[in-house]
Amino acid sequence: MDAKESAYDKVMAKALEKKAAAKERKEQREEDGVINKLVIDRTPNGLYSVRYSYSGPVPDELKGLFTRKERIITIAQRLGKPLEV
């Protein structure tokens, strides 16, 4: 039983370290004035998708594929999200 607990503790400690490192990177980017912007990518079949320039989950309204770039821009403006054009 001790072996499982110690393995669990190791995994949890590593997860906490990763979370702390990610938070530190985010704070560093904010201090440097770097903004995580939405980026519009065009797929090979001519549709558009959205992602963040650094990382993070995209808002639900922008998940999936779009036929018009203008629709993405309109939604991003309504949500108040910075967009890299």
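Sub-7 Å Cβ pairs linking a first residue in the stretch 42-53 that is in a loop (DSSP other than H, G, I, E, B) to a second residue that is at pLDDT 95 or above and not polar (S, T, N, Q), at least 6 apart or interchain, are 43/65; 47/65; 47/66; 53/39, ordered by first then second residue.
Can you pull out the residues in the stretch 25-61 that are of a type in the set (S, T, N, Q) and within 17 Å of residue 81 (Cβ to Cβ)? Give the derivation first.
The initial filter retains those residues of the stretch 25-61 that are of a type in the set (S, T, N, Q), namely 28, 36, 43, 45, 49, 53, 55.
Residues satisfying the conditions are 36, 49, 53, 55.
Inside the stretch 54-85, residues that are part of a loop (DSSP other than H, G, I, E, B), among the charged types (D, E, K, R) and touching a residue at least 40 places away in the same chain (Cβ under 8 Å) make up a count of 1.
Conditions (1) over 14 Å from the mean Cα position of the chain (by Cα); (2) of a type in the set (A, V, I, L, M), marked per residue:
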residue	(1), (2)
9	yes, no
13	yes, yes
24	yes, no
27	yes, no
33	yes, no
36	no, no
42	yes, no
47	yes, yes
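Of the numbered criteria (1) over 23 Å from residue 77 (Cα atoms); (2) in the same structural domain as residue 80 (by TED's automatic domain parsing), the one residue 11 fails is (2). Mind checking whether some residue in the stretch 4-20 is in a strand (DSSP E or B) and aromatic (Phe, Trp, Tyr)? No, the conditions are met nowhere in the stretch 4-20.
The values are calculated or read from the model by the stated rules, or taken from the named source; none is laboratory data. Since we're looking at a predicted model, the values are computed, not measured. Glycine gets a Cβ as well: all are built from the backbone with ideal geometry, and neighbour counts include every protein chain shown.
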